[in-house]
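Quick notes on the structure that follows.
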Amino acid sequence: MTAFLLLIMILFFALHLTLRAVNITLTSQAFDYVVSPLILLGLTAYSYVAVRAVYADRRIAAALRAVAIAALVTPLLFGYRFLLFFITLKTMH
């Protein structure tokens, strides 16, 4: 997972430099619309390779697991952020 996070950081820093070099400026929201699907696509590809290596799955089974992992990432992150907000709010008072 650390390798995946490092890869994300390197690739999106390169994307930022490329956009800056060609004089394209994006707002934070627009950059998020570009980056989020790319991260999800990268996570799916990484999960596919990892599932094949770890579980020795066939291609279709590994692809289904990778898609399931990618489909669950967004709801889990939203749930985590929602829970973290209320935990922080409760501990502040």
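Taken together, the values in this text are just the output of simple stated rules run on the coordinates, not laboratory data. Since we're looking at a predicted model, the values are computed, not measured. Cβ sites come from the backbone with ideal geometry, for glycine too, and all protein chains shown count toward neighbours.
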**Message:** Give me the three principal axis extents of the chain from the C-alpha atoms, as integers in angstrom, largest value leading.
**Reply:** 46, 46, 20
**Message:** Give the residue list of trypsin sites (Lys or Arg not before Pro) in the range 44-93 that are DSSP loop and have at most 15 other beta-carbon atoms within 10 angstrom.
**Reply:** 58
**Fill in**
With no solvent term and unit scatterers on the alpha-carbon positions of the range 10-53, Debye gives log₁₀ I(q)/I(0) at q = 0.15, 0.23, 0.32 Å⁻¹ of -0.47, -0.81, -1.11
**Request:** Output the DSSP H helices from the chain with an along-axis C-alpha extent of no less than 15 Å and a mean Kyte-Doolittle hydropathy no less than 1.6.
**Result:** 2-21
**Asked** What is the sum of charges around residue 53, taking Lys and Arg as +1, Asp and Glu as -1, for the other residues whose C-beta is under 15 Å from the C-beta of residue 53?
**Response** +3
**Asked** For 57, 32, what ranking results if the residue with the fewest other Cβ atoms within 10 Å of its Cβ goes first?
**Response** 32, 57
**Relative contact order of the chain, defined on C-alpha pairs under 8 angstrom at six or more residues apart (%)** = 21
